1. Can you pull the one-decimal nm distance between simple spin-label points at residue 23 and residue 58, each 7 Å off the Cα toward Cβ?
2. Length gain on complete extension for the stretch residue 10 to residue 267, per 0.36 nm per residue less the alpha carbon to alpha carbon distance?
3. Taking R0 as 45 Å, what FRET efficiency do you get between residue 333 and residue 134 from their Cβ-Cβ distance, rounded to the nearest 0.05?
4. Go through 243-251, 2-10, 152-160 and give me the packing order, highest mean Cβ count within 10 Å leading.
5. If the chain between residue 45 and residue 33 were fully stretched, how many nm would it gain, using 0.36 nm times the residue separation less the Cα-Cα distance?
6. Please give the peptides 35-42, 87-94, 163-170 ranked by average Cβ packing (other Cβ atoms within 10 Å per residue), highest first, as a rough proxy for protection.
7. Calculate, in nm to one decimal, what residue 196 and residue 88 gain on full extension: separation in residues at 0.36 nm each, minus their alpha carbon distance.
8. Over 5 Å intervals from 0, what percent of Cα-Cα pairs in region 121-262 sits in each interval?
Amino acid sequence: MNEAVPPEAADEALDDLRARIQRTRRVANPWADDRARGLPAGELEALLEYWATGYDWRGHERRIRSLPWATAGVEGGELRVIHQRAADPSAPAVVLQHGWPDSVLRFERVLPLLGGLHVVVPALPGFPFAVPLASPASVNRIADVVAGAVGELGYDRYTVSGGDVGGDVAEVLAAGHPDRVTALHLTNVSPRHAAAADPARLPPEAAGYLGRAAQWFRSDGGYIAEQSTRPGTLTAGLADSPAGLAAWIVEKLAAWSADAAAAFTRDEILTWVTAYWLTGSIGTSFSTYAEPAAIPDRIDTPTVLSAFAHDIKPAPRSYAEAFVDVREFIEHDAGGHFAAWEQPAAYAEDLRRAVRLGARSERAAAPRRLRDRGKGRAGGACRRAAARVGRRAGRHPLGSGPCGRHGASRYPHRRGTFPRYPAHGLGQTVTPDEIVDALHQAVPPGARVSIPCREGTYRSS
C-alpha cells in the first residue's frame with residue numbers, strides 16, 4: 001500500500017456523518033433569507049438533505065486517491081503532495097499552493113492543462129489530505145517545509161503559484177529562498193501588506209485601494225477576526241456540527257465565486273466540505289490566520305499577477321507593485337477567488353507566462369554568474385556533479401561542510417531528476433548523473449576534476 005495516498009475514510013465515519021446531519025437542530029433564524037447575513041437557510045437545508053441521503057463520498061474519494069500522491073520532507077516537516085511528472089526530465093517545475101477554505105482540490109481542473117511541466121501541489125500543513133499537524137504552523141514555517149520537500153523531490157529551481165494563504169506562503173518562500181524560486185504567479189498580493197502600508201508613500205490609486213480594503217474587512221472580514229483571535233472556539237463548534245461546518249465554508253464558496261452555480265455542482269461543493277469533515281482539519285486550517293507571520297516588505301522575484309474581476313478585493317497594479325516585482329499584470333473579466341477552479345484555462349496560461357518569465361530572468365542572470373566563475377562559483381548542476389565525482393574518488397572537492405549555495409548536504413538530489421544539457425559533438429543531451437558515471441570510470445582515486453559548462457569551469461580543490 002502506498003502510504004503517500006490519503007487514507008480511505010472508515011465506514012463508521014461516514015455513518016456518523018450522515019447521522020449527525022439528520023440530527024441537525026433547527027432553531028429560529030431572523031436572517032434566514034438575508035444572503036448578506038449568511039448562507040440562506042433554504043439553501044443550507046437543501047444541501048444538508050442531499051448530503052445525508054444522496055451524496056456518495058466513495059466515488060469522489062476514489063478519484064482523489066488516484067491522483068499521483070507522494071510524500072517528501074523530513075520528520076516534523078513532512079508534506080503529502082500531488083506530484084505530476086512531465087515526460088521530459090528537464091522540464092520546468094511549478095509549485096501550486098492552495099488557500100482557505102479549500103485544499104489541493106482547487107487545482108484539479110488545472111492539472112490536465114499543465115503537460116510539459118513538473119507539477120507539485122502540496123497539501124499545506126493543517127489542511128485536508130495533509131500529514132496531520134501536531135502543533136500550529138505559521139506561514140513562515142509552512143514556507144520552509146515546502147522548500148525542504150520540493151528540494152527533496154529533486155527540484156532546486158521552480159516557479160511558485162498561488163493566492164490567498166498559498167499566496168502568503170509563496171511570497172515568504174520567494175523572499176527566503178531566492179536561489180530556488182525563479183518566478184511567482186499570484187492572484188493577489190498578501191493582505192497582510194495593508195496593515196503596514198503607509199498611504200503617503202503609495203501612488204494615489206494604490207492609497208485609495210487601502211480604503212476599499214479596509215471597508216471590505218469591516219463588512220466581510222469578520223471570519224478573519226474570529227479565526228485569528230479565537231480559533232479554538234470555532235474549532236469546538238465547527239468540528240462537531242456538519243451543518244455548522246457547511247454553513248461556514250459554503251457561504252465563502254458562494255460569495256467569493258463569480259458565479260457559484262456555474263462553478264460548483266452540489267457534489268463538488270460537498271466534496272470540498274466533506275474533505276474538511278473527514279480529515280478533522282477545520283481547526284488546524286486556522287493556523288495560518290492565528291499564528292504570527294513575518295511577510296517581507298518587498299519581494300524582488302519576477303512576478304506575473306493574475307487579477308480576476310470577481311475576486312474578493314482585487315488590487316490595482318500600482319498597489320501590487322509596491323510589494324512585489326510585477327512584470328506582467330493580467331486582468332480577467334471572468335473568475336473569482338477560486339480562479340484555478342473557475343477559470344482553469346486562463347489560470348494555466350498565466351502560470352505558463354510566469355514559467356517563461358522565470359526562464360528569461362535566468363538567462364539574463366547568466367552573464368553575472370559567468371563573471372563570478374573566477375571566484376569559485378559555477379553552475380549548480382556541474383558543481384554538484386563534481387562533488388559526487390570527488391566523493392566517489394575518495395575525497396570531497398567542496399570541503400567538509402555544505403556549500404552556501406550548492407552544497408551537496410543541503411541539496412539532496414535523486415538520480416534522474418537533473419536537467420539534460422547539450423553534449424557538444426555527440427548529437428544528444430546528457431545529464432550530470434551521466435557525466436558522473438562516465439568520469440567515475442575514467443578518473444583515478446584522488447584525481448582532481450574539472451567540468452566545463454556554459455557558466456564557466458568548475459575545478460575541484
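1. For the pair residue 23/residue 58, the computed spacing is 2.4 nm.
2. Gain on extension, residue 10 to residue 267, equals 90.5 nm.
3. My answer for the efficiency is 0.55.
4. On the way: 243-251: 20.2, 2-10: 13.6, 152-160: 22.9.
Per-residue Cβ counts within 10 Å, averaged per peptide and sorted highest first, yield 152-160, 243-251, 2-10.
5. 3.1 nm
6. Put in order of decreasing packing, that is 163-170, 87-94, 35-42.
7. Working: separation 108, 0.36 × 108 = 38.88 nm, distance 4.39 nm.
Taking residue 196 through residue 88 to full extension adds about 34.5 nm, to one decimal.
8. 2, 8, 13, 18, 19, 17, 13, 9, 3, 0
All of the numbers you see were taken from the coordinates with simple rules; none came from a lab. All values derive from a computational prediction rather than experimental measurement. All Cβ positions, glycine included, derive from the backbone under ideal geometry; neighbour counts span all protein chains shown.
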